[in-house]
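Working notes for the structure below.
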Amino acid sequence: MENLNVTVNGKFYSVQVDPSIRLVDFIRDNLFLTGTKVGCGKGECGACTVIMNGVSVNSCLIPVMRAEGADIETIEGLSDGGRLHPIQEEFIEKGAIQCGFCTPGMIMSAKALLDQNINPTVDEVREALGGNICRCTGYVKIEEAVLCAAERMRNEGK
Amino acid sequence: MKYVIARTAGEALGALTLENGKALIMAGGSDIMVELIEEKRSEDILIDVTQAKDMKGIRVENEHLVIGAAATMTEIHTNPIVKEYFPSLAKGTGSVGSLQIRNSATLAGNVVSAQPAADGAMALAPLNAQFVVLTTQGTKIVPFSEMYAGIGKSSLDPHREVIKEIRIPLSEPDEKASFIRLELRKSLSLPMLSVSAMLKYKEGRVEWSRICMAPVGVGPVRALKAEEYLWGKELTPTVMAKAGELAAENAAFRSNPLRGSKEYRRHSLPVLVRRALEDIADQLGVL
Ligand code: FES
Ligand code: FES
């Protein structure tokens, strides 16, 4: 076991972990934040996407110890005291969710983009979400939801 | 398992040496982690170099573009110096996997993993890069052409050696490069074929060229016949098409159930080589 210091959704943790596990295992099994999903487990679906130090990563490919000193955001950190984030609201509004398995990853990829670029082009949205696969909805509504969320966030000055 | 976070390249080498062949250097880990999960590999000790300060960053030094071995694909893809001198490298590093993967994977790792059609490695292949490698016997310089020992096999030993940085001679205004991939989809998929090239065009003639192709052998394969043919020639449509045909003579085609049959690849490769040359001619303003 090794000591890990990490901030997840604004909360600081100093804990003992098995260094051979992946970041996603730590998030799901140690912190019980099960919004982050494991689809393929090898970097090909994006269901496990979280934001680490400001950029989107596949948490299934990140060894847990790499999170030492890092700032991690997961889907659970998005809503503000019961109020959903505009990206979450737009996903619901536009029908960009069916089974929902890909949704946390999609939303975290979208958030990583909008945190840096509040006025993305369609191509930029596609680049940011290209690593997230959805097997139900198709991508049109998802793209629409992200663009509408961006517009709302611009208007709300977020 | 033991996990060591190295703060400098020297510290990483020290840790490798101490463990005497039992520890593995890992940068982004996007390949290594999958191999560990799928139990294709087992390692007792991992040495993480992503925090090694002297292995990060991208800079110009002594007429070379220097890319730290821990610089991510995203950092390379978006770097203004890379875009200015080597737009084809910016394109190649921006084609790897997906954004999430590019946010952790490295170019050095892309070469060491030694998969033939790796986009980052392919874009780098014609640029005459050198790898600065730390070993217990001292620092050695390994040219790109000597980095591959087989499919999926690097000539370096990641249990004993550490790549510190990649050095690329800065291009002159009359030297241009291109990277082209034939793809089924843009993200999360290896190309069916890829071609990269660089050449120097002086007084209306090709002074030298380097053309690389994949996946048609071990690592990026040089189209030596085409390069020889181009020497001293003017870049006309006929010459570029002929170079494409000749390129196929140095390629060994194999069928892949997802990414094209041998025959399809054989027919497409000359077109891609021609397009890469046309792209270069376009950048040089000769078309
Ligand atoms: S579970 Fe991580 S990318 Fe699929
Ligand atoms: S909604 Fe089911 S996978 Fe995307």
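Rule-based calculations on the coordinates, nothing more; no lab input. In this text, all values refer to a predicted model and were calculated from it rather than measured experimentally. When we count neighbours, we look across all protein chains shown, and the Cβ atoms used for this are built from the backbone with ideal geometry, even at glycine.
For chain B, what is the largest minus smallest coordinate of the Cα atoms on each principal axis, given in angstrom and ordered from greatest to least?
59, 45, 32
Which peptide among B:20-31, B:257-268, B:94-105 comes first, and what is the full order, when sorted by highest mean count of other Cβ atoms within 10 Å?
B:94-105, B:20-31, B:257-268
Hey, fewest Cβ within 10 Å first, where do B:ARG160, B:ARG59 land in order?
Ascending number of Cβ neighbours within 10 Å: B:ARG59, B:ARG160.
Rounded, prolate or oblate: which one fits the range B:150-271, using the alpha carbon gyration tensor with axes a ≥ b ≥ c (rounded when a/c is under 1.5, else prolate when a/b beats b/c, else oblate)?
Oblate is the answer for the range B:150-271, as a/c is 1.5 or above yet b/c matches or exceeds a/b.
Can you compute the equivalent ellipsoid semi-axes for the range B:2-169, i.e. the square root of 5 times each eigenvalue of the Cα gyration tensor, sorted largest first and rounded to whole Å?
One finds semi-axes of 23, 18, 15 Å for the range B:2-169.
Using a ≥ b ≥ c from the Cα gyration tensor of the protein assembly as shown (square roots of the eigenvalues), is it rounded, prolate or oblate, where a/c under 1.5 gives rounded and otherwise the larger of a/b and b/c decides, a/b for prolate?
oblate
Provide the packing ranking of A:18-25, A:46-53, i.e. peptides ordered by the mean count of other C-beta atoms within 10 Å per residue, highest first.
Sorting A:18-25, A:46-53 by mean packing, highest first, produces A:46-53, A:18-25.
Under 10 °C and 1.306 mPa s, how fast does chain A diffuse according to Stokes-Einstein, given a Kirkwood radius computed over C-alpha pairs? Answer in µm²/s, whole number.
101
Under the Kirkwood approximation for Rh and a Cα-based Rg, what ratio Rg/Rh is obtained for the range A:86-156?
My calculation of the ratio gives 0.92.
Considering the dipole of the range B:157-219 built from charges on the beta carbon (Lys and Arg +1, Asp and Glu -1) around the Cα centre, which of B:SER196, B:LEU182, B:SER171 is farthest to its positive end?
B:LEU182
Please arrange B:MET1, A:MET106, A:MET1 by how many other C-beta atoms lie within 10 Å of their C-beta, fewest to most.
In increasing order of surrounding Cβ atoms, one gets A:MET1, B:MET1, A:MET106.
Give the percent of DSSP beta bridges with both residues in the protein assembly as shown that are antiparallel, rounded to the nearest 5.
Given both bridge residues lie in the protein assembly as shown, the antiparallel proportion sits at roughly 85 percent.
Got a sec? How would B:LYS242, B:LYS40 order by Cβ neighbour count within 10 Å, fewest to most?
If I rank by nearby Cβ atoms, fewest first, I get B:LYS40, B:LYS242.
Do any cysteines in chain A lack another Cys Cβ under 4.7 Å, and if so which?
Within chain A, the cysteines lacking a partner Cβ under 4.7 Å are A:CYS99, A:CYS136, A:CYS148.
Could you work out the helix-only [θ] at 222 nm for the protein assembly as shown, with each DSSP H run of four or more residues adding -39,500 (n - 2.57) and the total divided by the number of residues, to the nearest 500 deg cm²/dmol?
-9000 deg cm²/dmol
Regarding the range A:48-127, what are the three Cα extents along the principal axes, ordered largest first, in Å?
Its Cα atoms span 38, 29, 24 Å along the three principal axes.
Excluding residues fewer than 8 places away in the same chain, name every one of the lysines whose C-alpha is closer than 16 Å to that of B:LYS164.
Answer for B:LYS164, where 16 Å is the Cα cut-off: B:LYS53, B:LYS56, B:LYS140, listed by chain and number.
Report, in listed order, any pair from B:LYS91/B:LYS176; A:LYS37/A:LYS111; B:LYS40/B:LYS153; B:LYS176/B:LYS202; A:LYS111/B:LYS91 with a Cα-Cα distance greater than 21 Å.
A:LYS111/B:LYS91
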